[in-house]
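Following: one structure in structure tokens, then a few remarks.
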Amino acid sequence: MFSNTMKLLGDRFRSAVRSSFGDDCPFDDQWIKPCNDPRFGDYQFNGALPLAKSLQKKPRDIAETLAGCVELADISAPLEIAGPGFLNIRLTNAYLSNALTSIPAGETSEYDRLGLQFDEAVETVVVDMSSPNLAKEMHVGHLRSTVIGESVSRILEFAGHTVERVNHVGDWGTQFGMLITHLRDVQPDVISDPDSLAIGDLEAFYVAAKKAFDGSEEFANRARQAVVQLQGGDEETLAVWRAFCDESLRHCHAIYDRLGITKLEDRGESFYNDQLAPTVQELTDAGMVETSDGAECIFLDDFKNRDGEPLPMIVRKSDGGFNYSATDLAAVRHRLRDIGATRLIYVVGIPQQQHFAMLFAAIRKSGWAADSVRLEHLAFGSMLGRDGKPFKTREGGTVKLKNLLEEAVQAARAAIDQRQGDDDDRSLSESQKQTISEAVGIGAVKYADLSHSLTTDYRFDMEQMLSFEGNTAPYMLYAYARIRSIGRKADIDLDALPSDAPITIEHDAEIALAKMITRFPEVISQIVRDLRPNVLTEYLYELSKAFSRFYDRRHGVRVTDAEPESTRMSRLRLCQITARTIKSGLYLLGIDTIEQM
RNA sequence: GCGUCUGUAGCUCAGUUGGAUAGAGCAUCGGAUUUCGAAUCCGACGGUCGCAGGUUCGAGUCCUGCCAGGCGCACCA
């Protein structure tokens, strides 16, 4: 069975430790680690050193005892004791061969799990992601939340969890009075025929509305009145508002379609409108709310403002209106009670850290969430320009996401056209070129975003992310397309190889590749736990490099013309499994593969 | 002022939650192709891990204090 080698080793060492030093002897799975230097082996057991203290023995003696009794004959060469008491583990070729041979044929479902099983308890997870403001066009600031949110959602689904992606769009508030009023003036037909509404550029529309608001007292009055009507539930006003939101959402979904985001549930702030008062009332009844300067506030320990005074979370403004804290509280309440979520993940930038710390503290205080419910702010850093400064257009404005994606696809297209000129053997049709440049351009943007650690800011560098060298989407997509072409060229259907044909691992290049493939389960387990997509990009890069060496003219092995037939079949299966692993990994990042490029 | 994030090779970034001699890519220099996809592979060069203490068998990683930069701190969301 294709299983997690690290977990397997952990189980073996746990029994060895317990049988040698007693059933209550401490054990930590973290004691098993992959070696960072291949000269020490593949994995190492570091437990002898921490055990030395609690057992009052010498670390090397402990290591020797364990080396003598741990059952690893089916996994590792004889253990070596090194340094102060490390136990070095070297996977045998037989173990690698068996592990890979046991991988079942590909699944036809959305996820190819390569036969992996996950035994965790299934959770209902709500991932709060993307969440643009409907008053304006989506801009680059929404990219990370959308891309990271999608990847994290897929990873959790892969492990068997139920995931609901929620788009907490900004569709409520005073600015909508202004927009509705302007819409009535410019497109009066919107009430009789809401489907006729078409706004080419939301940004320009917003600017025009703002100009009218600032320039005319009469307009401003009507706008303020529209807000009152909206909140009062006036049907005609609501109809105009709904038409505007629908139009804005169409703009968003054009982008989501291009990004391959398909299961995103639009549930904006307005959705919680009638739950705001009951939510605040419930907290008031619980004695958590007090009035300060006319505003209704929740005071939490450890939060101070710039004067050192206690910093409240304002749930109701002094004018009686509710603000975003109230909305967020109502949203949490809804997700816990109505959706039955056991884990809430907010994919929102670092600047909101304090807000979420306060929100979560308030929720804990309210007792709405069971202790086992995880409340997480998956905070990410900003996307910066190539110069390390905030990402802006030349004129200093915000960069529209639509334009950024189009630019990336165009740049990918240019690169493909250039390559085509150098290589007449592989001519591509116009539609193939379009498909490829779309996949490469969009994939490059996503991959660049996900390959950086979440918390740090990163520089957006189109040239770097579209490079075919280094840890980039094009390199990965190329590795995949090249493997797929091996089958095509040799007239072999890689997907139809017999899944019981044995894989034998002998050559150094095979060993290196096999070791990378067998790490897949443990990498997946780690990112299911940590939600760190860049761990996966790093892994896929290493895997792709291992394949390139495996297939290299000088350092690698022959594949399609290898002899005897059993070797050829074994290597073809290795190719197939590598391709599936890359495809599966890229899928978890939200990136589509292409069959040729 | 308080909080928070960041500081690693010339540049862009990793660093598996405390493990052995800190790694990639780019750039620079050198090598491999009578093509199973060279959009590739191999090698060389390059480091006081911001600074100073501390914790311990062991610190880029943990604690404290500095230095530098980003962001957030009462009715916008």
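Would you be able to say whether some residue in the range A:190-210 is open to solvent by 60 Å² or more (accessible area, probe 1.4 Å), under 14 Å from A:GLN175 (Cα atoms) and touching a residue at least 24 places away in the same chain (Cβ under 8 Å)?
There is at least one residue in the range A:190-210 that is open to solvent by 60 Å² or more (accessible area, probe 1.4 Å), under 14 Å from A:GLN175 (Cα atoms) and touching a residue at least 24 places away in the same chain (Cβ under 8 Å).
Given the conditions (1) open to solvent by less than 30 Å² (accessible area, probe 1.4 Å); (2) free of Cβ contacts under 8 Å to residues at least 40 places away in the same chain; (3) closer than 17 Å to A:GLY173 by Cβ, which single one is not true for A:CYS297?
With (1) open to solvent by less than 30 Å² (accessible area, probe 1.4 Å); (2) free of Cβ contacts under 8 Å to residues at least 40 places away in the same chain; (3) closer than 17 Å to A:GLY173 by Cβ applied to A:CYS297, the lone miss is (3).
Residues of the range A:77-91 being within 34 Å of the chain's Cα centre (by Cα) and away from RNA strand B (no atom under 13 Å from the Cβ), which ones?
Listed by number, the list holds a single entry, A:LEU91.
Given the criteria within 33 Å of the chain's Cα centre (by Cα), near RNA strand B (Cβ under 9 Å from one of its atoms) and of a type in the set (Lys, Arg), does A:LYS53 qualify?
no
If I filter the range A:38-48 down to residues being open to solvent by 40 Å² or more (accessible area, probe 1.4 Å) and farther than 20 Å from A:GLU64 by Cβ, which single residue comes out as farthest from RNA strand B (Cβ to nearest atom)?
The selected residue is A:PRO38.
How many residues does the range A:16-50 hold that are assigned to a loop (DSSP other than H, G, I, E, B), without any contact (Cβ under 8 Å) to a residue 12 or more places away in the chain and within 36 Å of the chain's Cα centre (by Cα)?
Residues in the range A:16-50 being assigned to a loop (DSSP other than H, G, I, E, B), without any contact (Cβ under 8 Å) to a residue 12 or more places away in the chain and within 36 Å of the chain's Cα centre (by Cα): 2 in total.
Looking only at the range A:106-124, decide whether some residue is hydroxyl-bearing (Ser, Thr, Tyr), in a strand (DSSP E or B) and either open to solvent by 10 Å² or more (accessible area, probe 1.4 Å) or farther than 26 Å from A:HIS452 by Cβ (or both).
yes
How many residues, within the range A:422-473, are among the polar types (S, T, N, Q) and either within 8 Å of RNA strand B (Cβ to nearest atom) or open to solvent by less than 30 Å² (accessible area, probe 1.4 Å) (or both)?
So the count comes out to 9.
Would you please list the contacts, defined by Cβ atoms under 8 Å and residues six or more apart or on different chains, that run from a residue in the range A:541-570 that is without any contact (Cβ under 8 Å) to a residue 24 or more places away in the chain to a residue that is in a loop (DSSP other than H, G, I, E, B)?
From the range A:541-570, the pairs are A:ARG568/A:VAL559; A:ARG568/A:THR560; A:ARG568/A:ASP561; A:ARG568/A:ALA562.
Filter the range A:384-410 for residues that are touching a residue at least 60 places away in the same chain (Cβ under 8 Å), open to solvent by less than 50 Å² (accessible area, probe 1.4 Å) and within 16 Å of RNA strand B (Cβ to nearest atom) and give the result.
A:LEU384, A:GLY385, A:GLY388, A:PHE391
Residue check, A:SER145 against (1) of a type outside the set (Lys, Arg); (2) within 16 Å of RNA strand B (Cβ to nearest atom); (3) part of a loop (DSSP other than H, G, I, E, B), all met but one. Which one?
The single condition A:SER145 does not satisfy is (3).
Please determine whether any residue of the range A:507-514 is open to solvent by less than 20 Å² (accessible area, probe 1.4 Å), touching a Phe, Trp or Tyr at 6+ places or on another chain (Cβ under 7 Å) and more than 10 Å from RNA strand B (Cβ to nearest atom).
yes
For the range A:285-299, give me each residue that is more than 6 Å from RNA strand B (Cβ to nearest atom) and closer than 13 Å to A:LEU311 by Cβ.
A:ILE298, A:PHE299
Do you know which of the residues in the range A:314-366 that are within 14 Å of RNA strand B (Cβ to nearest atom) and of a type in the set (Lys, Arg) is surrounded by the fewest Cβ atoms within 10 Å (Cβ to Cβ)?
Here the answer is A:LYS317.
Can you pull out every residue in the range A:367-383 that is away from RNA strand B (no atom under 14 Å from the Cβ) and open to solvent by 30 Å² or more (accessible area, probe 1.4 Å)?
A:GLY367, A:TRP368, A:ALA370, A:ASP371, A:SER372
Among what's in the range A:244-262 and is farther than 15 Å from A:GLU203 by Cβ, out of contact with any helix residue (DSSP H, G or I) (no Cβ under 6 Å at 6 or more places or on another chain) and hydrophobic (A, V, I, L, M, F, W, C), pick the residue that is surrounded by the fewest Cβ atoms within 10 Å (Cβ to Cβ).
So, considering only residues that are farther than 15 Å from A:GLU203 by Cβ, out of contact with any helix residue (DSSP H, G or I) (no Cβ under 6 Å at 6 or more places or on another chain) and hydrophobic (A, V, I, L, M, F, W, C), the one surrounded by the fewest Cβ atoms within 10 Å (Cβ to Cβ) is A:LEU249.
Which count do you get for residues in the range A:423-467 that are of a type in the set (Lys, Arg) and in contact with a strand residue (DSSP E or B) (Cβ under 6 Å, 6 or more places away or on another chain)?
Total meeting the criteria: 1.
Looking at (1) open to solvent by 50 Å² or more (accessible area, probe 1.4 Å); (2) farther than 15 Å from A:HIS507 by Cα, which is the one condition that is false for A:ARG558?
(2)
For the range A:167-212, give me each residue that is in a loop (DSSP other than H, G, I, E, B), closer than 19 Å to A:HIS139 by Cβ and not hydrophobic (A, V, I, L, M, F, W, C).
If the condition is that a residue be in a loop (DSSP other than H, G, I, E, B), closer than 19 Å to A:HIS139 by Cβ and not hydrophobic (A, V, I, L, M, F, W, C), then A:HIS168, A:ASP171, A:GLY173, A:GLY200, A:ASP201 are the ones that fit.
For the range A:122-137, which positions are touching a His at 6+ places or on another chain (Cβ under 9 Å) and more than 14 Å from RNA strand B (Cβ to nearest atom)?
The answer is A:VAL122, A:GLU123, A:THR124, A:VAL125, A:MET129, A:GLU137.
Could you tell me whether A:ASP500 is more than 12 Å from RNA strand B (Cβ to nearest atom) and open to solvent by 30 Å² or more (accessible area, probe 1.4 Å)?
Taking the combined requirement at face value, the residue satisfies it.
Based on what the data block shows, is A:VAL152 more than 29 Å from A:ILE339 (Cβ to Cβ) and open to solvent by less than 50 Å² (accessible area, probe 1.4 Å)?
It is false that A:VAL152 is more than 29 Å from A:ILE339 (Cβ to Cβ) and open to solvent by less than 50 Å² (accessible area, probe 1.4 Å).
Out of (1) in contact with a strand residue (DSSP E or B) (Cβ under 8 Å, 6 or more places away or on another chain); (2) under 26 Å from A:LEU114 (Cβ atoms); (3) within 11 Å of RNA strand B (Cβ to nearest atom); (4) open to solvent by 30 Å² or more (accessible area, probe 1.4 Å), the odd one out for A:CYS35 is which?
(4)
What do you reckon, is A:ILE486 over 23 Å from A:LEU259 (Cβ atoms), open to solvent by less than 20 Å² (accessible area, probe 1.4 Å) and either aliphatic (A, V, I, L, M) or more than 6 Å from RNA strand B (Cβ to nearest atom) (or both)?
yes
Among (1) within 9 Å of RNA strand B (Cβ to nearest atom); (2) modelled with pLDDT of 95 or more; (3) under 13 Å from A:LYS365 (Cβ atoms); (4) of a type in the set (D, E, K, R), there is one condition A:GLU282 misses while meeting the rest; what is its number?
Every listed condition holds for A:GLU282 apart from (1).
The values are calculated or read from the model by the stated rules, or taken from the named source; none is laboratory data. Predicted model only: the values in this text are computed from it and were never measured. Positions of Cβ are backbone-derived with ideal geometry, glycine not excepted, and every protein chain shown enters the neighbour counts. Heavy atoms of the whole protein, side chains included, go into the accessibility calculation; ligands, DNA and RNA do not. Shrake-Rupley method; radii C 1.70, N 1.55, O 1.52, S 1.80 Å.
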